[in-house]
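Report on one structure; see the data block that follows.
The values are calculated or read from the model by the stated rules, or taken from the named source; none is laboratory data. Note that this is a predicted model, so its numbers are computed, not measured. For neighbour counting, all protein chains shown are included, and Cβ atoms are generated from backbone atoms with ideal geometry for every residue, glycine included. When the accessible area is computed, the model is the full protein with side chains, heavy atoms only, and any ligands, DNA or RNA have been set aside. Shrake-Rupley method; radii C 1.70, N 1.55, O 1.52, S 1.80 Å.
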Amino acid sequence: MDAATMPDPITPDPTAPDLITLGRRIRHFRTERGLTLDGLSAAVGAAPSQLSLVENGHREPRLSLLRAISAALDVPLTELLAPEPPSRRAGLEIALDRAQRGSAYSSLGLPAVRPGRKLPLEALEALVGLHAELARRANESIATPEEARRANTELRLWMRGQNNYLPAIEALGEKMVRAAGYTAGAVTHRTVARMAEQLGFTIIHVRDLPHSTRTVTDLASGRIYLPPASIPGGHGLRSLALQAIAHRVLGHERPASYADFLHQRVEINYFAAAALMPRSAALDYLSTAKKDKDLAIEDFRDAFGVTHEAAAHRFTNLATEHLGIGVHFLRVGDDGALYRGYENDGVGFRTDPTGAIEGQLVCRQWAARAAFASRDRTTEFHQYTDTPNGTYWCTTQTGTTSTGQFSITVGVPYAQSKWFRGRETTRRAQSLCPDESCCRRPPADLAERWADQSWPSARLHSQVLAPLPQGTFPGVDDTEVYAFLDQHARR
């Protein structure tokens, strides 16, 4: 079909009347004139049932019928089509009608309340107020990308103010793991199982966990359901179990907002790290390495049998508070996007207008991206980078998941590099970011050649646009979870 034969696009008419308001205005003027539906029906030649549908906003009347109604009620057509409710009560009735027609109310399976003349005004006001509050809470909990980014930014800044250190959870994590028999080295799966048993829970590995969950806890039966294998590039089984335990020992209740959900997620991750790398043991190890000027994230990782990311993030918990080292941390995808970051050393991350760092492109000159070009992926990649905020030394390790490569970076100001293995590297780069000329602006000759001769198709990440499923917990599909629990409860 060519352009000449394509139909015109259908666009809504902004001048079209709102059917609910139109219907209420017709009803208002009819009752004001003392006419019944039957009386108006006889005057305009339309069935009472048809007029009822019009007054309730369920049918759009023809122009000829509108003119007949206008004449019968002795009301100018322009007055009949005015966009304002004819009275305050009518406005409340319209608001209630609209709320009850919405998907949020329909999903509750409750009967609609007819806002008839016998419904007291106070009851009508209360119903409209309740619907407005339900709508507000639904909008708050749905966690749109904007809400998620705002809440995440506030939490990141709060954690920076704490030096990424939560002493109460530190103490609780170590106390519980010691009570389960831990003495030194890596925390075993059996130790984690004992921690669960001390709370009255049994850990069970299943292959049919709901897709929207990492773990599911059956509070009635005392079971913690885990996947049969670790998440590649992410959480190990011990960490997942400890996160599930953390919800119970930290006294978490169902989150009232997306900000609550994120705060709980930070706390359970912190508890898991504090149990897998207990503060006293971790500080003994790190303090000795610092004294020997041989700090290395890869050694810290191996000493406690955790992922490189877990070790790197745990280092940020303890580095400033106990070792006196300002630090930054990044997880970056192979597309250069920052997925997770923390800093209290002034390195400065690029932010969007809301202050969020997630999704921002990291400078191509930084170690977090330069490491992807390294041929030797078996050990950490070290680099000094001169930036507008000073010179930083970074150590980076790369990895791969089913969705692509990623890098984990820990960096410190130049003066603090003396404590780390790899400080002798001669690799040095210069970053001018956020100056666009650093790595964002293409060479002039290439731009001139290709600007008008290319049309790339961008990859759209669906999570950028989609809100989280609205369930009991943000991002969780209640129907799938409850079906899972019911199935396993009967085994």
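Table: residues versus (1) open to solvent by 10 Å² or more (accessible area, probe 1.4 Å); (2) closer than 26 Å to F300 by Cα.
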residue: D334; (1), (2): yes, yes
residue: T351; (1), (2): yes, no
residue: C363; (1), (2): no, no
residue: R369; (1), (2): yes, yes
residue: F372; (1), (2): yes, yes
residue: R375; (1), (2): yes, yes
residue: T379; (1), (2): yes, yes
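Scanning region 403-421 for residues that are of a type outside the set (F, W, Y), modelled with pLDDT of 95 or more and not in a strand (DSSP E or B) yields A415, Q416, S417, K418, R421.
Every listed requirement among (1) surrounded by fewer than 16 Cβ atoms within 10 Å (Cβ to Cβ); (2) modelled with pLDDT under 95 is met by T391 save one, (2).
Here R375 meets the list (1) in a helix (DSSP H, G or I); (2) closer than 29 Å to G236 by Cα; (3) of a type in the set (K, R) almost entirely, failing just condition (1).
Could you name every one of the helices (runs of 4 or more DSSP H) located completely within region 143-247 that has at least 2 residues being more than 19 Å from H263 (Cα to Cα) and open to solvent by less than 10 Å² (accessible area, probe 1.4 Å)?
Passing ranges, in order: 189-198.
Can L73 be described as over 26 Å from R114 (Cα atoms), open to solvent by less than 70 Å² (accessible area, probe 1.4 Å) and not polar (S, T, N, Q)? Criteria not met by L73.
Here is a yes/no grid of residues against (1) loosely packed, with under 14 Cβ neighbours inside 10 Å; (2) at pLDDT below 80; (3) under 34 Å from the mean Cα position of the chain (by Cα); (4) over 30 Å from Y105 (Cβ atoms):
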residue	(1), (2), (3), (4)
E424	yes, no, no, yes
L432	no, no, yes, yes
P456	yes, yes, yes, yes
P467	no, yes, yes, no
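Looking across region 23-45, the residues that are among the hydrophobic types (A, V, I, L, M, F, W, C) and open to solvent by less than 10 Å² (accessible area, probe 1.4 Å) come down to I26, L40. Quick one: would you say R265 is in contact (Cβ under 8 Å) with a residue 12 or more places away in the chain and not hydroxyl-bearing (S, T, Y)? For R265, the condition - in contact (Cβ under 8 Å) with a residue 12 or more places away in the chain and not hydroxyl-bearing (S, T, Y) - is not met.
Can you tell me which residues in region 367-426 are of a type in the set (S, T, N, Q) and more than 26 Å from K291 (Cα to Cα)? Even if it seems obvious, please write down each step before you answer.
Taking region 367-426 first, the residues of a type in the set (S, T, N, Q) are 374, 378-379, 383, 385, 387, 389, 391, 395-398, 400-403, 405, 407, 409, 416-417, 425-426.
Passing the criteria: S374, T387, N389, T398, T400, T401, S402, T403, Q405, S407.
What are the residues in region 317-331 that are surrounded by 24 or more Cβ atoms within 10 Å (Cβ to Cβ) and either at pLDDT below 95 or among the polar types (S, T, N, Q) (or both), if any? Hit for region 317-331 is N317, nothing else.
Within region 295-316, restricting attention to residues that are out of contact with any helix residue (DSSP H, G or I) (no Cβ under 8 Å at 6 or more places or on another chain) and more than 16 Å from A281 (Cβ to Cβ), the residue that is modelled with the lowest pLDDT is E309.
Go through region 368-405 and give me each residue that's out of contact with any Lys or Arg (no Cβ under 8 Å at 6 or more places or on another chain) and of a type in the set (D, E, K, R). R369, R375, D376, R377, E380 - these are the residues of region 368-405 that are out of contact with any Lys or Arg (no Cβ under 8 Å at 6 or more places or on another chain) and of a type in the set (D, E, K, R). Of the listed requirements (1) on the phi > 0 side of the Ramachandran plot; (2) surrounded by fewer than 16 Cβ atoms within 10 Å (Cβ to Cβ), A82 misses just one: (1).
Can you pull out the residues in region 280-293 that are under 15 Å from A310 (Cβ atoms) and surrounded by fewer than 24 Cβ atoms within 10 Å (Cβ to Cβ)? Can you show your working first?
At the first step, the residues of region 280-293 found to be under 15 Å from A310 (Cβ atoms) are 281-282, 285-286.
The answer is A281, Y285, L286.
The one condition from (1) buried (at least 17 other Cβ atoms within 10 Å of the Cβ); (2) over 24 Å from A371 (Cβ atoms); (3) aliphatic (A, V, I, L, M) that A256 does not meet is (1).
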